[in-house]
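S.K.: Please see the structure below; I have some questions.
The values are calculated or read from the model by the stated rules, or taken from the named source; none is laboratory data. Keep in mind it's a predicted model, so treat the numbers as computed, not measured. Positions of Cβ are generated from backbone atoms using ideal geometry, with glycine treated the same way; all protein chains shown enter the neighbour counts.
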Amino acid sequence: MTMQPASTEIASRTAAIIQELKGLEGPLLPILHEIQEEFGHVPQDSLPVIAEALNISRAEVHGVVTFYHDYRSHPAGRHVLKVCQAEACQSMGSDAVAAKFKQLLGIGFHETTRDGSVTLEPVYCLGLCACAPSAMLDGEVIGRLDDEKIEEIVAEARS
Amino acid sequence: MIPRIYISGDSGALALGAEKVAKAIAKELAERGVEAKIVRNGSRGAYFLEPMVEVATEKGRVAYGPVKPSDVKSLFDSGFLTGGHHKRWLGAPDKIPFIARQTRLTFARCGINDPLSLDAYKSLGGLKGLQNAVAMAPADIVKQVTESGLRGRGGAGFPTGIKWKTVLDTTSDRKYIVCNADEGDSATFADRMIMEGDPFVLIEGMAIAGVATGATKGFVYIRSEYPHAVAMMNKAVAVARKAGVLGVNVLGSPNAFDMEIRVGAGAYVCGEETSLLNSLEGKRGVVRAKPPLPAIQGLFGKPTVINNVISLASVPIIMDKGATFYKDFGMGRSRGTIPIQIAGNVKNGGLFETAFGLTLGDIVDDIGGGTSTGRPVKAVQVGGPLGAYFPRALFDTPFDYEAFAAKDGLIGHAGITVFDDTADMLKQARFAMEFCAIESCGKCTPCRIGSTRGVETIDKIAAGIEPDKQIALVTDLCNTMKFGSLCALGGFTPYPVMSALNHFREDFKPAPVAEAAE
């Protein structure tokens with residue numbers, strides 16, 4: 001297991017991020033993105049620091065964090081695999097693609113493999129609709145998935 | 001002259017292996033000791049031919065595609081650097097039928113050159129629209145955009161010029177231009193393609209909007225699912241700023257305009273304009289009640305133009321060639337061109353920009369070439385997850401805002417998903433409700449609760465529990481959602497549900513129960 005940083009360390013790293021982005025108009029989302037980039041998730045210990053710095057309530061920060069699908073309350077696996085489940089991919093068999101990924105990884109959507117290598121998530125459209133079915137491994141896009149490509153992706157993510 | 005090889009860096013091409021092809025070509029060049037420059041261009045949108053490789057020869061460009069890394073050696077052996085023949089040879093890219101049949105106004109430059117070369121942009125007519133605009137009175141710019149007949153390409157089809165006029169006429173110390181690049185609808189990728197393939201056209205369009213309305217600051221709100229578009233726009237803004245396209249003196253004029261790229265956080269509803277504004281302000285992406293209109297009280301309460309990427313990217317050509325030039329394309333009240341995105345189970349998938357007026361059948365059968373599985377087309381969904389499913393019987397509908405509305409559908413952001421005869425329309429109707437439940441912002445009851453009840457009711461139909469009663473319930477629920485929801489998410493979810501129910505009723509019959517064994 002990876003060690004979680006101590007709360008004081010989270011607070012100081014959060015404060016540094018805020019300091020850098022506070023001058024933006026509407027800085028909360030850019031700050032949260034940066035925090036997630038830094039810690040792999042948005043730690044609870046970051047919230048009071050943000051609230052204080054932006055002069056909003058902690059409840060407001062919590063409300064924003066929980067509204068958006070992208071922000072995680074816990075760290076993800078080393079790789080994040082997003083499998084498109086929207087209509088264009090459905091028309092090309094994204095159900096079967098998802099089933100194959102789940103079977104090979106031994107997990108369902110929103111779960112992480114036991115070895116911490118992969119988190120599997122559904123995504124509703126990657127804009128690769130003329131190359132369906134599609135997926136994204138970390139930032140890398142993959143289209144026209146077939147069994148061979150699926151196995152390759154799983155092997156890459158597991159390594 | 002050093003030969004130039006063009007390999008697309010567009011996400012769609014990358015998803016099909018363009019990076020591996022580029023590496024293989026670079027390796028082969030090194031091994032053979034051949035000098036050539038590899039340029040990463042955008043995509044021309046013919047995704048069935050991607051990864052497409054183009055070579056600039058003395059007789060013009062020659063394209064090859066779809067190229068696999070394993071083709072690279074034989075391409076060199078066939079002398080592709082001088083346009084030699086090969087099994088992947090396609091000839092001049094602009095003569096490829098899928099591309100030759102288009103009318104490219106907004107996408108005129110997309111996929112041709114390095115997206116970050118401002119010189120290449122200018123060499124193909126870029127910045128002429130903005131140059132004209134800075135020499136005009138704001139009201140005249142707005143007039144020209146209004147007269148072009150341009151309507152919001154995000155889906156709602158509201159006249160762009162009228163929106164701009166409201167912002168121009170509203171007095172304020174600060175005004176904003178917000179570009180909605182939260183392209184969440186399945187089957188749509190036009191925004192992504194233009195941001196990755198010709199980002200300056202969007203920057204130019206936003207700068208024109210700023211000059212026209214007196215706004216000095218712009219935001220592009222891009223969904224987080226588009227990391228490549230985000231990176232490209234950030235780089236392009238930096239280039240534009242350095243070149244004086246953006247800044248305190250836009251193209252040397254007294255007009256100030258600068259912009260920032262912002263990234264969404266995975267909420268589909270933020271494609272709705274007021275929810276997008278809340279998100280930009282750092283709030284939950286809940287929908288605002290209208291009025292007040294964003295044009296009067298928008299971002300941070302200031303007058304705001306909020307337009308889709310394609311609307312803004314269509315402005316430069318209007319300011320360059322004039323309102324009449326643009327207006328002469330199209331039909332009825334749908335003027336100009338529309339980038340149709342042909343997606344899903346289709347043979348020739350990609351982006352096809354054309355004047356309004358083609359029939360759905362022309363698009364799907366003729367241009368799209370039918371399904372990629374080779375099975376008959378059963379249904380096409382037009383306009384993303386909130387668009388109606390059309391059966392073959394309605395394939396004579398012309399691509400036009402009003403014509404689609406008359407058939408209880410919408411063209412939306414002009415994405416078309418093709419389904420073959422294996423599609424189960426009850427499942428598609430259920431998904432529409434499920435998607436609405438996942439993505440609802442929760443502010444209004446018809447959307448928040450109705451979508452969940454919709455899923456349950458459709459499940460009962462599938463299970464054969466009093467199907468007629470459930471169908472009546474779904475119909476009533478859709479009526480409530482359509483007229484009682486605050487925004488298009490709850491309000492338009494009934495389109496896919498009711499069209500599936502009305503046009504494909506046979507899929508809503510309970511599955512025949514097997515006879516009990518003797």
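S.K.: Go through segment B:154-210 and give me each residue that's part of a loop (DSSP other than H, G, I, E, B), of a type in the set (Gly, Ala, Ser) and under 19 Å from the mean Cα position of the chain (by Cα).
M.R.: Matches in segment B:154-210: B:GLY154, B:GLY155, B:ALA156, B:GLY157, B:GLY184, B:SER186, B:ALA187.
S.K.: To continue, here is another question. Conditions: (1) crowded, with 18+ Cβ neighbours inside 10 Å; (2) among the hydrophobic types (A, V, I, L, M, F, W, C); (3) in contact with a Ser or Thr (Cβ under 9 Å, 6 or more places away or on another chain). B:ILE438 meets all but one. Number of the miss?
M.R.: Failing condition for B:ILE438: (1).
S.K.: Would you confirm whether any residue within segment B:433-446 is within 12 Å of chain A (Cβ to nearest Cβ), within 26 Å of B:ILE340 (Cα to Cα) and more than 24 Å from the chain's Cα centre (by Cα)?
M.R.: no
S.K.: When you scan segment A:116-134, how many residues do you find that are touching a Lys or Arg at 6+ places or on another chain (Cβ under 6 Å) and touching a residue at least 12 places away in the same chain (Cβ under 8 Å)?
M.R.: Residues that pass the stated criteria total 4.
S.K.: Return yes when B:PRO93 is within 26 Å of the chain's Cα centre (by Cα) and not β-branched (Val, Ile, Thr) and no when it is not.
M.R.: Yes.
S.K.: Could you check segment B:332-406 for strands (runs of 3 or more DSSP E) lying wholly inside it with 2 or more residues that are within 18 Å of the chain's Cα centre (by Cα) and under 27 Å from B:ALA13 (Cα atoms)?
M.R.: Of the strands (runs of 3 or more DSSP E) lying wholly inside segment B:332-406, those with at least 2 residues that are within 18 Å of the chain's Cα centre (by Cα) and under 27 Å from B:ALA13 (Cα atoms) span B:337-344, B:350-355, B:377-382.
S.K.: Residues in segment B:306-323: is at least one assigned to a strand (DSSP E or B) and either outside the structural domain of B:LEU168 (by TED's automatic domain parsing) or of a type in the set (Val, Ile, Thr) (or both)?
M.R.: Looking through segment B:306-323, at least one residue is assigned to a strand (DSSP E or B) and either outside the structural domain of B:LEU168 (by TED's automatic domain parsing) or of a type in the set (Val, Ile, Thr) (or both).
S.K.: Now, a different point. Taking the stated definitions as given, is B:ILE342 among the β-branched types (Val, Ile, Thr), surrounded by 24 or more Cβ atoms within 10 Å (Cβ to Cβ), under 16 Å from B:GLY45 (Cα atoms) and not assigned by TED's automatic domain parsing to the domain that holds B:ALA181?
M.R.: Yes: the conditions hold for B:ILE342.
S.K.: Would segment A:83-94 turn up any residue that is in contact (Cβ under 8 Å) with a residue 40 or more places away in the chain, more than 9 Å from chain B (Cβ to nearest Cβ), within 22 Å of B:ALA267 (Cα to Cα) and touching a Phe, Trp or Tyr at 6+ places or on another chain (Cβ under 7 Å)?
M.R.: Yes - at least one qualifying residue is present in segment A:83-94.
S.K.: Follow-up. Determine, yes or no, whether B:ALA429 is touching a residue at least 12 places away in the same chain (Cβ under 8 Å), more than 23 Å from B:ARG288 (Cβ to Cβ) and in contact with a strand residue (DSSP E or B) (Cβ under 7 Å, 6 or more places away or on another chain).
M.R.: Considered against the rule, which asks whether it is touching a residue at least 12 places away in the same chain (Cβ under 8 Å), more than 23 Å from B:ARG288 (Cβ to Cβ) and in contact with a strand residue (DSSP E or B) (Cβ under 7 Å, 6 or more places away or on another chain), B:ALA429 comes out as no.
S.K.: Sticking with this structure for a sec: Kindly list the number of the only condition in (1) touching a Ser or Thr at 6+ places or on another chain (Cβ under 6 Å); (2) closer than 27 Å to B:GLY442 by Cβ; (3) at the interface with chain B (Cβ under 8 Å from one of its Cβ atoms) that fails for A:VAL80.
M.R.: (3)
S.K.: Taking B:THR216 as the residue in question, decide whether it is over 27 Å from A:CYS84 (Cα atoms) and within 13 Å of chain A (Cβ to nearest Cβ).
M.R.: yes
S.K.: So, one more: Specify which of the listed residues (A:THR66, A:THR112) is at the interface with chain B (Cβ under 9 Å from one of its Cβ atoms) and among the β-branched types (Val, Ile, Thr).
M.R.: Every option except A:THR66 fails the conditions.
S.K.: Here's something else I'd like to know. Look at segment B:53-98 and say how many of its residues are under 21 Å from B:LEU358 (Cα atoms) and either in contact with a Gly (Cβ under 8 Å, 6 or more places away or on another chain) or among the hydroxyl-bearing types (Ser, Thr, Tyr) (or both).
M.R.: Final tally of qualifying residues: 1.
S.K.: Would you confirm, using the coordinates I've provided, whether B:ILE208 is closer than 16 Å to B:ARG262 by Cβ and away from every other protein chain (no Cβ under 13 Å)?
M.R.: The answer is no for B:ILE208.
S.K.: Only one of (1) at pLDDT 95 or above; (2) surrounded by 14 or more Cβ atoms within 10 Å (Cβ to Cβ); (3) not aliphatic (A, V, I, L, M) fails for B:THR57. Which number is that?
M.R.: It fails just one condition, (1).
S.K.: If B:SER74 passes every condition in (1) more than 18 Å from B:LEU16 (Cβ to Cβ); (2) surrounded by 14 or more Cβ atoms within 10 Å (Cβ to Cβ); (3) of a type in the set (Gly, Ala, Ser) but one, which one does it miss?
M.R.: (2)
S.K.: While we're on this one: Considering only residues that are touching a Leu at 6+ places or on another chain (Cβ under 9 Å) and part of a loop (DSSP other than H, G, I, E, B), which ones fall in segment B:127-136?
M.R.: Result: B:LEU127, single match.
S.K.: Here is a follow-up. For segment B:245-304, which positions are charged (D, E, K, R), within 8 Å of chain A (Cβ to nearest Cβ) and part of a loop (DSSP other than H, G, I, E, B)?
M.R.: Passing the criteria: B:GLU281, B:LYS283, B:ARG284.
S.K.: Are any of the residues in segment B:99-117 closer than 22 Å to B:GLY9 by Cα and of a type in the set (Lys, Arg)?
M.R.: Yes, that holds for at least one residue.
S.K.: Among the residues of segment B:402-420, count how many are more than 14 Å from chain A (Cβ to nearest Cβ) and either closer than 16 Å to B:SER334 by Cβ or hydroxyl-bearing (Ser, Thr, Tyr) (or both).
M.R.: Going through segment B:402-420 one residue at a time, the tally reaches 9.
S.K.: Scanning segment A:115-134 for residues that are more than 7 Å from every other protein chain (Cβ to nearest Cβ) and touching a Leu at 6+ places or on another chain (Cβ under 8 Å), which turns out farthest from B:ILE416 (Cα to Cα)?
M.R.: Of everything passing the filter in segment A:115-134, A:VAL118 is farthest from B:ILE416 (Cα to Cα).
S.K.: How many of the residues making up segment B:300-324 are on the phi < 0 side of the Ramachandran plot and without any contact (Cβ under 8 Å) to a residue 60 or more places away in the chain?
M.R.: 1
S.K.: Determine, yes or no, whether B:GLY84 is in the same structural domain as B:GLU31 (by TED's automatic domain parsing) and modelled with pLDDT of 95 or more.
M.R.: yes
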